[in-house]
Amino acid sequence: MTDKVAKLVIGDESYEFPVLEGSVGPDVIDIRSLYAKTGMFTYDPGFTSTAACDSAITFIDGDKGELLYRGYPIDQLAAKGSFIEVCYLLLYGELPNKQQLREFEALVTRHTMVHEQMHYFFRGFRRDAHPMAIMTGVVGAMAAFYHDSTDINDPEQREIASIRMIAKMPTIAAMAYKYSVGQPFVYPRNDLDFASNFLSMCFSVPAEPYEVNPVIARAMDLIFTLHADHEQNASTSTVRLAGSSDANPFACIAAGVACLWGPAHGGANEAALNMLREIGTVDRIPEFIARAKDKNDPFKLMGFGHRVYKNFDPRATVMQATAKEVLDLLGVENNPTLQVAQELEKIALQDQYFIDRKLYPNVDFYSGIILDAVGFPTSMFTVLFAMARTVGWIAQWKEMIGDPQKKIGRPRQLYNGSPSRDYEEISKR
Ligand code: SDX
């Protein structure tokens, strides 16, 4: 709380509202009493100027292009940390010491297997089902298999549900991939780290031994870290809203998966690679830049722009460097898609339309190039995003459930439909 107040004058009435300040970032005007005092609502579709909660997990400074997980800059965590360490940090607020990290990693590792009956659950899907459709269904169904960790008022059940979500999402994601390619499911291996285990479950086959490439595993681990959390984005807000009704955590995460799927959000990584492939060669870039600027054309440059970042998305910067490293390692020199991406970025950032609107590459612009080079089909890209974001969703859900000020989310509206009118008999219509 500050001693600052916001004054609102409506007609000849004047109202005052307290201004609250956080540790960093914009202050907020506490308008919780606005309707009671004025009989009016605020109006902010898309929540461009609305803080829906207070949180201590992730901070973004869009103008500086800064992203902090519990205060630690994303580029430092990406360079020096690991995804499992970032999971601990997001969940518990501090970096773990060696013993805490070892115990946490062992706990997650021991929860990577899914209930054997889940294998039969998959068999109801068509083989050509989009893996995100499978994820949305299977994650929601987890409440049917793990009903002993759905009581959100029991801190122990909340904790075990959190660990189960983080640990089992890779297994479910890998199963969704294996099912789509008609290969047998591969069980998790407790001797592998998080990223290596995921690669093994996706790409190993019973017919021969599988060796994880450590550089690829490191790149995947980095991609998971970059996607782990991102403040109150659309899917996280969906998880929070679902959780505000005391829905079980599996149902809340399933709601987040569904929202993330949209091409304006997490689905952009799949759409961005498809767009880069459609452009195909550098000489076709001007045609697509023109389409992106044409108000009569719904086409947007996928992987560009962001509600918060009006500078470089720091994740895109790390992702671009990783893309080059992985492609070099795989001997995929002169990857045409990477060349198109780099040239498109250069041209767009010199174009006044993009400059005026502060449109920069976001996290989804380069990630698909890496995932494609590693061997994932584009339909799996958003699944990987959901897998990594699960820890962020869970951390935000736990923070909300534990908030003594928690209330069910119930926005109001500006109504412009018909005023009250009487029913007319059909004979008179
Ligand atoms: C993610 O919120 C998060 O943090 C999300 C995320 C996370 O980690 O959770 O960061 C992950 O979702 C990243 C964003 C991925 N989406 C895309 O790459 C899809 C393409 N981008 C756009 O759809 C758009 O930029 C959004 C949805 C990302 C942001 O939209 P906003 O904030 O509502 O901005 P806007 O649509 O109002 O755009 C402002 C102007 C408009 O032009 P004018 O009406 O002012 O003339 O910029 C234009 C838009 O038409 N614009 C674009 C554009 N993005 C915005 N024009 C061309 N290409 C684009 N990509």
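Descriptive notes on the structure:
- Just one of the listed residues (Ser196, Ser204, Ser237, Ser200) is among the small types (Gly, Ala, Ser) and touching a residue at least 24 places away in the same chain (Cβ under 8 Å), and it is Ser237.
- Meets criteria (out of contact with any Lys or Arg (no Cβ under 7 Å at 6 or more places or on another chain), under 23 Å from Ile223 (Cβ atoms) and crowded, with 18+ Cβ neighbours inside 10 Å) for Ala258: yes
- Subset of the stretch 154-204 that is among the acidic types (Asp, Glu) and assigned to a loop (DSSP other than H, G, I, E, B) - its residue that is surrounded by the most Cβ atoms within 10 Å (Cβ to Cβ): Asp193
- Single condition Glu103 does not satisfy, out of (1) in a helix (DSSP H, G or I); (2) open to solvent by less than 70 Å² (accessible area, probe 1.4 Å); (3) under 20 Å from Pro170 (Cβ atoms): (2)
- Scanning the stretch 311-335 for residues that are within 16 Å of the ligand (Cβ to nearest atom) and either on the phi > 0 side of the Ramachandran plot or surrounded by fewer than 16 Cβ atoms within 10 Å (Cβ to Cβ) (or both) returns a single hit, Asn311.
- Out of Ala255, Ala207, sole residue that is farther than 27 Å from Ala321 by Cα and more than 16 Å from the ligand (Cβ to nearest atom): Ala207
- Subset of the stretch 264-297 (residues that are open to solvent by 40 Å² or more (accessible area, probe 1.4 Å), farther than 19 Å from Ile347 by Cβ and within 10 Å of the ligand (Cβ to nearest atom)): Ala264, Lys295
- In the stretch 34-45, the qualifying residues are those that are in contact (Cβ under 8 Å) with a residue 12 or more places away in the chain and under 19 Å from Gly409 (Cβ atoms), and the one that is least open to solvent (accessible area, probe 1.4 Å) is Leu34.
- Among residues of the stretch 213-246 being within 16 Å of the ligand (Cβ to nearest atom) and of a type in the set (D, E, K, R), the one that is least open to solvent (accessible area, probe 1.4 Å) is Asp229.
- Filtered by the rule that a residue be within 25 Å of Ala228 (Cα to Cα), within 10 Å of the ligand (Cβ to nearest atom) and open to solvent by less than 50 Å² (accessible area, probe 1.4 Å), the stretch 336-366 gives Leu359, Pro361, Asn362, Val363, Asp364, Phe365.
- The residues of the stretch 114-127 that are surrounded by fewer than 19 Cβ atoms within 10 Å (Cβ to Cβ) and touching a Ser or Thr at 6+ places or on another chain (Cβ under 7 Å) amount to a single one, Arg127.
- Single residue of the stretch 384-423 satisfying the filter (of a type in the set (Ser, Thr, Tyr) and over 12 Å from the mean Cα position of the chain (by Cα)) that is least open to solvent (accessible area, probe 1.4 Å): Ser418
- Taken together, the criteria exclude Ile370 from residues that are part of a helix (DSSP H, G or I), open to solvent by 50 Å² or more (accessible area, probe 1.4 Å) and not basic (Lys, Arg).
The values are calculated or read from the model by the stated rules, or taken from the named source; none is laboratory data. Computed from a predicted structure; not experimentally measured. Every residue, glycine among them, receives a Cβ derived from its backbone with ideal geometry; neighbour counts consider all protein chains shown. Just so you know, the surface numbers come from the protein's heavy atoms only, side chains and all, with ligands and any DNA or RNA stripped out. Shrake-Rupley method; radii C 1.70, N 1.55, O 1.52, S 1.80 Å.
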